[in-house]
Each structure stands twice: as structure tokens, then as C-alpha cells.
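Please read the structure below before turning to the comments.
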Amino acid sequence: MNEKIQKAFDLAVEQYAKVGVDVNKALAQLDKLPVSLHCWQADDVTGFENPDGALTGGIQATGNYPGKARTIDQLRADIDKAMSLIPGDHRVNIHAFYGDFGGKLVDRDQIEPEHFQSWIDWAKEKNYKLDFNCTCFSHSKSADGLTLSHPDPEIRNFWIEHVIRSRKIAQEMGRQLGSKCMHNIWIPDGSKDVTVNRLQYRKNLKESLDKIFEYKTNDEYMLDCIESKLFGVGLESYTVGSHEFYMGYGLKNNIVVTLDSGHFHPTEIISDKISSLLLFLPEIMLHVTRGVRWDSDHVVVLNEELLAIAQEIVRADAIDRVHVGLDYFDASINRIGAYVVGVRATQKALLQALLEPLAKLREYEAKGQFFERLALLEEAKSMPWGAIFDYYCASKGVIVGESYIGEIQKYEQEVTLKR
Ligand code: RNT
Ligand code: ZN
């Protein structure tokens, strides 16, 4: 351990002890908080089913930065590189159209666990755990913006089959890796303009989900999650799977609700939703992203809402019940850098939350000492959590501070720019 890092850490530990915070305990908790890295940042949500296929479904990756991953090996190498610059053990979140199809066209209603075996083997080798998603977009059968809520029962059945198969794959991932795989269902369904029969599409979606969940999976291996949305690009006027829809469905059927921080009105935050959902659902899933003016999926940075999300998880004693995944796709900057910035920001937020003088704050609050609570919250902001994060990185053998920029530049020169 570098002497200066150790010294700064020791001083910080003393300072935290004064406000009743046990730094080593906080670090042990941080270690138990994996972040799920979304595989789709490395290739602008292209997947391997059809490398020339256009991204549809009302989501967009803007930018044309060179070096995107075009093969499974490239994508895995990029994730490995990002992981090497992130302290701790983490998860990788895979979408169904990233299967290892060996150049063959395997349609969505044909995918099998075998198409994901090489992902599982890679994860085993690298000590990652996996999460999974069905892919209900970028496909000819979703071209009109409708999938599970489609008026045509044949199209609905196609997507039902796809989602059931995806759930089986998730279950196999969880079984082989010995860690519950979170399987997320997000569909783009909606319409560009005024929709009259809003009820009918939602009925269709409800029935499709009922059929999907008729197939029972093993909760130890996988958990289903359902993700709502406010609107999509080109689907601005109506979204079938709205927040109310999925919250209702999730609460009624005991299915995990995914809160994506970009899927609400621009001033609406997800941090304050966590404690409510936790009272009614056993677990929740987060998709952490950064919207700028709209659901733009910018790289996550350490801002007020990210910190508030982390604080809510910790303050609600829910680190075992809230799954943190990232979900952004910025094609305008170095994509590996985008991963590292986002994960490190998330970990910094979680660490700050774990280092909060919570016992004292709770005590002040319970006694109605609100000036004291405010003052301590303000002081906590400038406590030396940075020294603790540096120590955490160093103790995990990961580059400390901004020096990782050079590592990414080197990888760019040696690898991604040569693609
Ligand atoms: C889209 C949703 C969804 C996707 C991924 C690719 O708005 O956020 O989670 O980003 O499934
Ligand atoms: Zn999402």
C-alpha cells in the first residue's frame, strides 16, 4: 500500500470515528454491493444477432466515437478492461440479442441457454455474475412499436415465447454461477400520437405477462423484474407499460419493479420511490442513468440524485434488497471510459452513503433537533470520503484517482482504434 494513501486513510478513519462511523465496516458493506455493468454501452446497443440492424424501440445511442466493439471477443475484452479499473466484484448485464449465435440467424423465439454458455463460462473464469434481459426491440416484429401489447395475437405469442425463453436462460445463468440472475423485462410499446384505446393495449400487455409468468422459475436462480417508462423517441404520446401499470402489476403479483432514473418526468426522482416500494416488494431493481433534459442516457456521474439513491438504499437498511444496474449508452466518447466513470461514480455515491453518521442523524431526527441534523448532513459532505475511496481502490489493486485516464488512452491506442 502506498504510504500517502495509507496515511490519508488513517487520518480519515480517525475523523469518521469522531462522528461514530466505522470505516472498515462501511468498506465491508461496499464490498457486498455489486454494480451490474450493462453490456450494451460497449457497442451502442447493437448486439450480435444482426450487426447491421438498426436500434429501434424509441431508444437512441448518439455519437460516432471510433472503436466500438463489433464481436463478442471485443465486447468481452472491453468489459474486462473496464472491470480492471473498478474496485470490487461486479456483475454483467446481458441482453438476449448478444447471444453467441456463431454467425447463424437465431430468431428471438428460438434462443436457448446454449447460446449463452460462452457468456457463462467467461463469467465463471473472470469471477463475474450475470444478469439478463429479453430483447423486445430492434426486430421486424416490433417495427410498429408494439410487442407484448400488440393487437395481433400471433405477434404477442412470438414475444411471449421470447420472454419465457429469456427467463429460462436467466435461470440457467443463475444456477451455473451460483448467484441469482435478475431478468428484466422492458418493452418499447407505445405510440407516437393520440391513442384512443389506451385500455385495450394495457389489457393485452397484462394478459401477455400473465402467460409469461405461468412458467415458474426457481427464485434462487433468477428473479423477474418489470421496467416502466414515460415515453420513447417516436413514441411520445402513449406508453403501454407506464409506471402505474407495472407498479400495479408488480405489487399484485409480487414481481420486482425496476426503477430507471431516466423514465420519469425530468424533475421527478427515483430516490424517493425506493422506501415506498420496499414496503410492498421483497426486492427492487434500479437502472441508474443520467437524463439531460430528457431520457438521454448520459454517463452516470456523481450528482445529487445519484447520492440520494445511494443514501436511500443505506438509510432504509436495504443493501441486500436493492439491485443496482447501470443503463446508459453514450456513443460520443470512449466507451470503456464511459463504463469506468459511471461505475466509479456509483461506488463513490454508495461509499459516501455508507459513511454517513447515520446513528447520530437518526438520533437528532427522532428528538426533533432539525438544525443539528442539517448541520451534520452538511459537514458529512466535506468529510474525507475521497481518501477512503482511494484506499479501497488501492487495497483491491486498482488504479487510484484520475490515473486510470492514461490506462484507457493506452487501451484505445493499442486496441480499440485498431478495430
Ligand atoms: C429503455 C430501457 C431499457 C434499455 C435496455 C437496453 O428505455 O431503459 O432498460 O435501456 O434494456
Ligand atoms: Zn432501463
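Every number here is computed from the coordinates shown, using simple stated rules; none is lab data. Remember, predicted model here, so these are calculated numbers, not experimental data. Positions of Cβ are backbone-derived with ideal geometry, glycine not excepted, and every protein chain shown enters the neighbour counts.
Summary of values
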item	result
Within the chain, helix-based [θ] at 222 nm, where runs of 4 or more DSSP H residues each add -39,500 (n - 2.57), nearest 500	-14000 deg cm²/dmol
Gain upon complete extension [Asp22, Asp320; 0.36 nm per residue less C-alpha separation]	105.3 nm
Estimated Rh, the chain: Kirkwood, alpha-carbon pairs, angstrom	22.3
Stretch gain in nm, segment Asp107-Ile333, where the contour uses 0.36 nm per residue and the Cα spacing is subtracted	78.2 nm
Share, in percent, of DSSP beta bridges within the range 149-283 that are antiparallel, nearest 5	25
Aspartates and glutamates with Cα under 19 Å of Lys418, excluding same-chain neighbours fewer than 8 positions away	Asp43, Asp44, Asp73, Asp78, Asp80, Glu407
Extension gain from Leu251 to Lys410, taking 0.36 nm per residue of separation minus the Cα-Cα distance	52.4 nm
Spin-label model distance (nm) - Leu417 vs Glu154, 7 Å beyond Cα toward Cβ	5.2
Check: the range 277-419 dipole with +1 on Lys, Arg Cβ and -1 on Asp, Glu Cβ, in debye	240
Calculated SAXS-style log₁₀ I(q)/I(0) at q = 0.11, 0.12, 0.15, 0.17 Å⁻¹ - the range 170-288, Debye, Cα scatterers	-0.39, -0.47, -0.72, -0.90
Relative contact order of the range 28-163, defined on C-alpha pairs under 8 angstrom at six or more residues apart (%)	29
Descending semi-axes in whole angstrom, ellipsoid equivalent of the range 313-362, from the Cα gyration tensor	29, 12, 6
Kirkwood hydrodynamic radius of the range 20-121, Cα pairs, Å	15.7
Radius of gyration, Dmax [the range 241-330; alpha carbons; angstrom]	12.6, 36
Bridge type composition, the chain - antiparallel percent by DSSP, nearest 5	15
Label-point separation, Ala359 to Lys211 (7 Å along Cα→Cβ), nm	5.6
Cα Rg, Dmax, the range 294-390, angstrom units	15.6, 50
Within a Gaussian network of the chain (alpha carbon springs, distance under 10 Å), most fluctuating of Ala77, Ala143, Ala12	Ala143
Lys, Arg +1 and Asp, Glu -1 on Cβ, resulting dipole of the chain about Cα centre, debye, nearest 20	240
Normalised contact order of the chain, rounded percent, pairs of Cα under 8 Å and 6 or more residues apart	21
Antiparallel content of DSSP bridges confined to the range 235-390, in %, to 5	20
Pairs from Lys180/Lys273; Lys126/Lys360; Lys25/Lys206; Lys81/Lys211; Lys126/Lys216 whose Cα-Cα separation, in the structure shown, is over 32 Å	Lys126/Lys360; Lys25/Lys206; Lys81/Lys211
Equivalent ellipsoid dimensions for the range 126-201 as semi-axes, Å, which come from the Cα gyration tensor, largest first	30, 12, 10
Pair Lys192, Ser382: separation of 7 Å Cα→Cβ label points (nm)	5.4
